[in-house]
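Asker: Quick one: the structure is below, and I'll ask about it shortly.
Values in this text are rule-based calculations from the coordinates and carry no lab data. On a predicted model such as this, the values are computed, not experimentally measured, just so you know. So basically every Cβ, Gly included, is an ideal-geometry build from the backbone, and we count neighbours across all protein chains shown.
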Amino acid sequence: MLADISSPEDLRKIEESRLGEVCSELREYMIDCCATNPGHLGSSLGAVELIVGIHYIYQTPEDKLVFDVSHQAYAHKILTGRREAFRNNRKKEGISGFTRMDESPYDAFGAGHASTSISAALGYASAAKMKGSGEKVIALIGDGALTGGMAYEGLNNAGWGGEDLLIILNDNNISIDKGIGALHNYLLRITSSRSYNRTKDRLWHLLGEGWFRRFIQKVVRTTKTFFVRSPKGGFFESMGFRYFGPIDGNNIGEVVNTLRKMRNIKGPKLLHAITTKGKGYTPAEEDQTTWHAPGLFDAVSGKRTSSAKGRDRYQNVFGEVLLQLARQDERIVGITPAMASGCGMNLLAEQMPERFYDVGIAEEHAVTFSAGLCAGGMIPFCNIYSSFSQRAYDQIIHDCALQRLPVIFCFDRAGLVGEDGATHHGAFDLAAYRSIPDVVLAAPSDELELKNMMHSAVQHKGGPYIIRYPRGYGEGVEWREAPVTPLEPGKGRVAVEAEQPLFNIVAEGPCVGAAVRAAAALKEEGIPVRVVDIRFLKPLDEALLSQVVADCPRVLTVEDGCLKGGLYGAVCEWAAARSAQAIDEKTGCDASVQVEGLGIPDRFIAQGTQQELRHDCKIDADGITARIHTCLSR
């Protein structure tokens, strides 16, 4: 049946009794595709019936379906004309793993980060109200994303405004890791019984439409939480939403019947659907955290393909070092916004749970909570993916840097992350955070430097200490048994020396390894170049820069971040200030430094493997070598 569906219009021609077959075929297709082309499988398997039901009842794309995060949108993509394209999902030149407005008219709003759907859907609903278009608007949000502060802001605004908006809460009791927090526990209480909602629906039907029903509704909203003590939707109804559910979100008949009844009910309403992450595939149901994004696997047996390369992932280095530090110092605690397994903090959570805090998908809260812990005498390690840290920029400035609180931030997934694409690349952290006073901004070039920087950060006083490192494997250096070497902020090193160098390559983070390989290739050609591992973008090692340009005034900066404002910008500023000082002091023109730059260009980078994207941005060894040749040929 799936082969005959090229659009939701085709789906709506199918008999309702056969929708279960469509759901089964969707799951089989997703499993087969993701086995050889990895993606976010578990979330998408759990949301199949909800997506099929929405497209079956609502007239998409005229009616707007807004996804939250959208890693659960695979069934949506397959049903909306991208079935064959899905085979190249997340690949270079393929379709995105997330919704994108420029990819399909069915993708009403682009997503990739959590907690945005309610606000965006409310905007759509308000626009429809002002235009009088009559289109319906649906926001599909998971219980994990509902922990984000922006979701509450959207709920508060939507419930007060009265726009015609449906929020479907896809409650599977987990985001990437197990759900936590007060809202999580509240939703669990709601799902313990369905008698309240059955009774309420019968009463609403008997009352019919009219003033008396509205009067009774107001009375119930006001009194039931305090006197009846029922947990059924009280939170949402107190915010102005009419609550429906919970329903079995993996029962296509129940989903379709409920949506059909709700379609013409006006105003803000919330449908609570209970689903199973990984539904329909036993390995994904039994290990939901691993199968959120399982990598390569055998579709029949469910056996995952090992990706071990004899090297450690940076997240593993972070996790092990953090646990060692916590054992040495009782003040050390770990904080993460729902990324414990992804960043390696699950080791601390398992062995020292009293020193671990998962605050849910709430980056702003994670930062200010860490600031409070720091002010209270603790040493917090707050680990946030680089692209997600953007959401807490104000808190890092206002609550940490301004108060000179030495919170240690570890930004995992910095630089080009690969297949997750533009929404997840950590391209802007170098440029964003180096402008903040009293911040240390460090970029380790290998696993041992990450270990050394974490140890050094514990001793730091005054202002945030930010360590940013890439997704995936390190350089393969020995780090577990290697002794700790304290690193002074603002002190880089010469990674490759050269006699009478023709160029200085100043690199940061993973680009240092690429620069070293480029230097080796150039040396074979008779072109000597020096490689500087700058280590710290802030404070910048100006003394080392002055030293290396003394015998060679040519500099090529290489960074795994946006070229504008990052390492290139910092070195250009230093060179300009140095030249101006030389003019003021009338020391002549010997202070002139020529600076070239390689980095992520001034555009959003689509998906692809890290190797492919680094090659495209010319920050791999081949790109560096080619740029040196170009510069010398001038």
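Asker: Any chance you could give the angle, 0 to 90 degrees and rounded to 10, that helix 195-207 forms with the longest Cα principal axis of the chain?
Answerer: On a 0 to 90 degree scale, this one is about 60.
Asker: List the residues whose amide H sits under 5 Å from the amide H of Ile167, counting only those 5 or more places along or on another chain, with H placed 1.01 Å from N in the peptide plane.
Answerer: So Ile167 has HN proximity to Ala139, Lys269, Leu270, Leu271.
Asker: Continuing with this model, one more query. Measure out, as a whole number of angstrom, how far apart the alpha-carbon centroids of the range 425-492 and the range 597-634 sit.
Answerer: About 23 Å separates the Cα centre of the range 425-492 from the one of the range 597-634.
Asker: Exposure proxy check: Val549, Val69 ranked by fewest other beta carbons within 10 Å?
Answerer: Val549, Val69
Asker: Ranking Ser126, Ser389 by Cβ neighbours within 10 Å, fewest first, what do you get?
Answerer: Ser126, Ser389
Asker: Residue by residue through the range 448-457, what is 3J(HN,Hα) from phi via Karplus (6.51 cos²θ - 1.76 cosθ + 1.60, θ = phi - 60°)? Round to whole Hz and write x for glycine and proline.
Answerer: Using θ = phi - 60°, the values come out as 5, 5, 4, 4, 5, 5, 5, 5, 5, 4 Hz.
Asker: Okay, moving on. Report, in whole Å, the centroid distance computed from the Cα atoms of the range 253-320 and the range 20-94.
Answerer: 12
Asker: What full-extension length gain, to one decimal in nm, is calculated for Trp160 and Ala3 as 0.36 nm per residue of separation minus the Cα-Cα distance?
Answerer: 52.1 nm
Asker: Tell me, in nm to one decimal, what length is gained between Tyr152 and His629 on full extension, where the rule is 0.36 nm per residue of separation less the Cα-Cα distance?
Answerer: Extra length from Tyr152 to His629 when fully extended: 166.3 nm.
Asker: Full-extension gain between Ser17 and Glu478, please, as 0.36 nm times their residue separation minus the C-alpha to C-alpha distance.
Answerer: The span from Ser17 to Glu478 would gain 160.0 nm if fully extended.
Asker: If I take every Cα pair under 8 Å that is 6 or more residues apart in the range 239-284, average their sequence separation and divide by the length, what percent do I get for the relative contact order?
Answerer: 51
Asker: Loop-only check: which trypsin sites (Lys or Arg not before Pro) in the range 485-556 are DSSP coil with at most 15 other Cβ within 10 angstrom?
Answerer: Counting only loop positions with at most 15 other Cβ atoms within 10 Å, the trypsin sites (Lys or Arg not before Pro) in the range 485-556 are Lys491.
Asker: Would you list Val367, Val440 from fewest to most Cβ contacts within 10 Å?
Answerer: Val440, Val367
Asker: Could you grab the relative contact order for the chain? Cα pairs under 8 Å, six or more apart, rounded to a whole percent.
Answerer: Relative contact order for the chain comes out at 11 percent.
Asker: Would you mind telling me the antiparallel percentage of the DSSP bridges in the chain, rounded to 5?
Answerer: Percent antiparallel among DSSP bridges in the chain is about 15.
Asker: For Ser592, put the label point 7 Å out on the Cα→Cβ axis and report which residues of the range 602-634 keep their amide N under 17 Å from it.
Answerer: 632, 634
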